[in-house]
Amino acid sequence: MERTLSIIKPDGVKQGLIGEVVRRFEKNGIRIIAMKMIRMTKNQAKGFYAVHEKRPFFDSLTDFMSSGPVVVMVLEADDVIAKNRTLMGATNFEEAAEGTIRRDFATDIEKNVVHGSDSPETAAFEIGYFFNAFEIAG
Ligand code: UDP
Ligand code: MG
């Protein structure tokens, strides 16, 4: 069993997509073992996306991620890091496969509805960034 961190970004929450995203996870055999709604400060968003610090989109991305509430979740399933990335679709929604969350609902390369960890190492860091052991019910 593998774990990954998912975030429904501020644009996803604003579009009323919490239920839709959760439904897609559950329909695909992914268990949600922790979940909460939070609003990040700009500094918390910067810490979360520290790997992208030098990228040109960093300032805009961290403004966006701290612009409203998000839903953070720990997902569990076999191979869930890759499974979640497949359900999400490519970063750029215009290149995302048909039927993926980003293809169906993203409006912009930045405002792409969901985040998902991209490796076991980032999953461990990202889960620990938002949840302590007592908050993971799984
Ligand atoms: N992003 C952006 N412009 C870009 C690339 C990425 O605004 O050219 C944003 C987008 O919201 C993306 C996030 O930065 O989801 C993190 O980028 P990453 O390359 O890690 O994509 P992801 O792992 O989310 O698919
Ligand atoms: Mg990424």
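Computed from the coordinates by the stated procedures, all read-outs in this text should not be read as laboratory data. The structure displayed is predicted, hence computed values, not measured ones. We place every Cβ from the backbone using ideal geometry, glycine too, and count neighbours over all the protein chains shown.
Overview of results
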| item | result |
| --- | --- |
| Residues within segment 32-43 that are more than 15 Å from the chain's Cα centre (by Cα) and of a type outside the set (Ser, Thr, Tyr), tallied | 2 |
| Sole exception among (1) without any contact (Cβ under 8 Å) to a residue 60 or more places away in the chain; (2) more than 12 Å from ligand 1 (Cβ to nearest atom); (3) on the phi > 0 side of the Ramachandran plot for Asp79, by number | (1) |
| Members of segment 42-99 found to be within 16 Å of ligand 2 (Cβ to nearest atom) and touching a Gly at 6+ places or on another chain (Cβ under 7 Å), listed by number | Asn84, Arg85, Met88, Ala96 |
| Residue in segment 82-107 that is farthest from ligand 1 (Cβ to nearest atom), counting only those that are surrounded by fewer than 18 Cβ atoms within 10 Å (Cβ to Cβ) and touching a residue at least 24 places away in the same chain (Cβ under 8 Å) | Thr107 |
| Subset of segment 37-57 that is near ligand 1 (Cβ under 8 Å from one of its atoms) and surrounded by 12 or more Cβ atoms within 10 Å (Cβ to Cβ) - its residue that is farthest from Phe131 (Cα to Cα) | Phe57 |
| Some residue of segment 34-53 being free of Cβ contacts under 8 Å to residues at least 60 places away in the same chain, touching a Lys or Arg at 6+ places or on another chain (Cβ under 8 Å) and over 20 Å from Phe105 (Cα atoms) | yes |
| Criterion violated by Asp118 - all others in (1) farther than 21 Å from Ser60 by Cβ; (2) within 14 Å of ligand 2 (Cβ to nearest atom); (3) within 15 Å of the chain's Cα centre (by Cα); (4) not aliphatic (A, V, I, L, M) satisfied | (1) |
| Lone qualifier among Asp59, Asp118 - being farther than 15 Å from Ile7 by Cα and among the acidic types (Asp, Glu) | Asp59 |
| Residue ID - surrounded by the fewest Cβ atoms within 10 Å (Cβ to Cβ), chosen from residues in segment 8-28 that are touching a helix residue (DSSP H, G or I) at 6+ places or on another chain (Cβ under 8 Å) and outside any helix (DSSP H, G or I) | Asn28 |
| Ile30 vs. criteria away from ligand 2 (no atom under 16 Å from the Cβ) and touching a Lys or Arg at 6+ places or on another chain (Cβ under 7 Å) | yes |
